[in-house]
Amino acid sequence: MTDMIGGEKMPIVLQSFTTPGNTSIVANSAGGTFPQIPVVVQPSSTAPFIDGSNAYLWAPNSAANQTVTFVSEFNFPLGLLNVALPVSVNYAFSGSETVVVSGVLEVVNLLGIVIATIPVFTNIANAGGPTSVEIASGNTLLALQLLGTTAVLTITATVTSGAVGTGNYLGQVTVNEVIAL
Amino acid sequence: MPVALQAFTTPENTVRIADSATAPGPVVPVGPAIPLIDGNSSYIWSPVSVSGQTVTFRSVFTLGAPLLSVALPLTVYYAYAGNETVSVTGTLQVLNLLGVVVLTVPLFSGDTNLGNPLNVSTIAADTLLAASILGGTINITIDAVVTAPITTPYEPVNTGRYLGQITVQTIV
């Protein structure tokens, strides 16, 4: 009987890690030709896993106190609906040494034109340091006229390594769309 | 909308409902330990610690259910870690103003940390609550079954531990 008074559930619409396939480097204090393709690096023995993964990324070159800016793009469909669409984003991330992340959701129509740009969270830092998995969250309600299109969630992370060792960065995004069934 | 609720498991919101080493009851802080979750290293455990111990924790997180003329979309995101194997189940209940449960929604069940104490595992679920049931309280219950490492001889350094953080978003 619960269906009559609410409680319908939707699966997760997107859950994905940052990988060399969806992430590029747009700035790197150690130099290079941009965009640069990140590489998977061996993290320290105390680096946390995030949901089972420790495939941390870094630039192909490495320097002390290096600052690298990663841009990751995640796509998911918005579907054809006759009601507005609530979308929530949770982003779990970790890195060495300091990490600052921002998330922006763009809605792209069938012609590939961006018709809405929505900041989801801005300048969230890994205050707990390299052994912490930080959580950044945000949500939005997409209007009916934006649907039937594609959403692109862009996560930009600026990571600064320490004086010793190689930096690293790993994130996992989880997107929920809440739809009445 | 901002985040409606973000909270860690603590001795205030969490009890042991089963414990292979002692009677159920309150939890105690242990640690600090890694990994941190969102900057927090305040793990909890039983006051008694033995090799291979299994403890079931129950955490209850409460938020008000607003009075709305439209339905309320709600997302629950749970990040957790522990030593050594953790399995979590989440349930949402809506209580009316009299405290009577009017709706129970299973959120997720049996999600694990893969037995990896360095792993911060994440699980998410969402639901749409009808306007007719709002105006009371929403309780989200997270049950976690945590099994400590088996060590011979038993080493206190391998004490079990558990930490979780819930993030609830409502989209109005």
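Can you tell me which residue within segment B:87-105, out of those that are farther than 23 Å from A:Ser16 by Cβ and crowded, with 20+ Cβ neighbours inside 10 Å, is farthest from the chain's Cα centre (by Cα)?
Within segment B:87-105, the match that is farthest from the chain's Cα centre (by Cα) is B:Leu103.
Could you count how many residues in segment B:106-121 are surrounded by fewer than 23 Cβ atoms within 10 Å (Cβ to Cβ), under 30 Å from A:Pro43 (Cα atoms) and not hydrophobic (A, V, I, L, M, F, W, C)?
Residues flagged as surrounded by fewer than 23 Cβ atoms within 10 Å (Cβ to Cβ), under 30 Å from A:Pro43 (Cα atoms) and not hydrophobic (A, V, I, L, M, F, W, C) within segment B:106-121 amount to 6.
How many residues are more than 22 Å from B:Ile34 (Cα to Cα), away from every other protein chain (no Cβ under 11 Å) and touching a Phe, Trp or Tyr at 6+ places or on another chain (Cβ under 6 Å) when one looks only at segment A:126-176?
Residues in segment A:126-176 being more than 22 Å from B:Ile34 (Cα to Cα), away from every other protein chain (no Cβ under 11 Å) and touching a Phe, Trp or Tyr at 6+ places or on another chain (Cβ under 6 Å): 3 in total.
One line per residue, one yes/no per condition, for (1) surrounded by 17 or more Cβ atoms within 10 Å (Cβ to Cβ); (2) over 15 Å from the mean Cα position of the chain (by Cα):
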{"position": "B:Pro24", "(1), (2)": "no, yes"}
{"position": "B:Pro32", "(1), (2)": "no, yes"}
{"position": "B:Trp45", "(1), (2)": "yes, no"}
{"position": "B:Val48", "(1), (2)": "no, yes"}
{"position": "B:Gly52", "(1), (2)": "no, yes"}
{"position": "B:Ser59", "(1), (2)": "yes, no"}
{"position": "B:Leu63", "(1), (2)": "no, no"}
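Which strands (runs of 3 or more DSSP E) does segment B:1-87 wholly contain that include 1 or more residues that are within 14 Å of chain A (Cβ to nearest Cβ) and over 23 Å from B:Val168 (Cα atoms)?
Passing ranges, in order: B:72-83.
Assess whether B:Leu103 counts as being within 14 Å of another protein chain (Cβ to nearest Cβ) and either in contact (Cβ under 8 Å) with a residue 40 or more places away in the chain or in contact with a Ser or Thr (Cβ under 9 Å, 6 or more places away or on another chain) (or both).
When the stated conditions are applied, B:Leu103 passes them.
Output the number of residues of segment A:36-85 satisfying the condition of being part of a loop (DSSP other than H, G, I, E, B), under 18 Å from the mean Cα position of the chain (by Cα), away from chain B (no Cβ under 14 Å) and under 24 Å from A:Leu14 (Cβ atoms).
3
Do you know which residues across segment B:126-157 are hydrophobic (A, V, I, L, M, F, W, C) and modelled with pLDDT under 95?
B:Leu128, B:Leu129, B:Ala130, B:Ala131, B:Ile133, B:Leu134, B:Ile138, B:Ile150, B:Val157
Looking at B:Thr137, B:Thr170, which one is in contact with a strand residue (DSSP E or B) (Cβ under 9 Å, 6 or more places away or on another chain), more than 7 Å from chain A (Cβ to nearest Cβ), farther than 26 Å from B:Val28 by Cβ and surrounded by fewer than 17 Cβ atoms within 10 Å (Cβ to Cβ)?
B:Thr137
Just checking, which of B:Val27, B:Val76 is under 22 Å from A:Pro48 (Cβ atoms) and of a type outside the set (Ser, Thr, Tyr)?
Sole residue among the options that is under 22 Å from A:Pro48 (Cβ atoms) and of a type outside the set (Ser, Thr, Tyr): B:Val76.
Can you name the residue in segment B:140-167 that is within 12 Å of chain A (Cβ to nearest Cβ) and of a type outside the set (Val, Ile, Thr) and, of all such residues, is farthest from B:Val30 (Cα to Cα)?
Top of the filtered list is B:Gln165.
Based on what the data block shows, is A:Ala64 over 30 Å from B:Asn83 (Cβ atoms), touching a residue at least 60 places away in the same chain (Cβ under 8 Å) and aliphatic (A, V, I, L, M)?
yes
I'd like the full set of residues that are more than 7 Å from chain A (Cβ to nearest Cβ) and among the aliphatic types (A, V, I, L, M), limited to segment B:106-134.
B:Leu107, B:Ile123, B:Ala131, B:Leu134
Going through A:Thr122, A:Thr158 one at a time, which residue ends up being crowded, with 16+ Cβ neighbours inside 10 Å and not in a loop (DSSP other than H, G, I, E, B)?
The unique qualifying residue is A:Thr158.
If a residue must be crowded, with 18+ Cβ neighbours inside 10 Å and either among the hydroxyl-bearing types (Ser, Thr, Tyr) or more than 21 Å from the chain's Cα centre (by Cα) (or both), how many such residues does segment B:65-86 contain?
7
List the number of the failed condition for B:Val94; all other conditions in (1) in contact (Cβ under 8 Å) with a residue 60 or more places away in the chain; (2) closer than 26 Å to A:Glu177 by Cβ hold.
Condition (1) is where B:Val94 drops out.
So, in segment A:80-106, how many residues would count as being under 23 Å from B:Thr127 (Cα atoms), among the hydrophobic types (A, V, I, L, M, F, W, C) and buried (at least 24 other Cβ atoms within 10 Å of the Cβ)?
Residues in segment A:80-106 being under 23 Å from B:Thr127 (Cα atoms), among the hydrophobic types (A, V, I, L, M, F, W, C) and buried (at least 24 other Cβ atoms within 10 Å of the Cβ): 3 in total.
Within segment B:20-30, is there a residue that is closer than 29 Å to A:Pro11 by Cβ and touching a residue at least 12 places away in the same chain (Cβ under 8 Å)?
The answer is no, given that none of the residues of segment B:20-30 is closer than 29 Å to A:Pro11 by Cβ and touching a residue at least 12 places away in the same chain (Cβ under 8 Å).
The values are calculated or read from the model by the stated rules, or taken from the named source; none is laboratory data. All of these numbers come straight from a predicted model, not from anything done at the bench. Note that each Cβ is placed from the backbone with ideal geometry, even for glycine, and that neighbours are counted across all protein chains shown.
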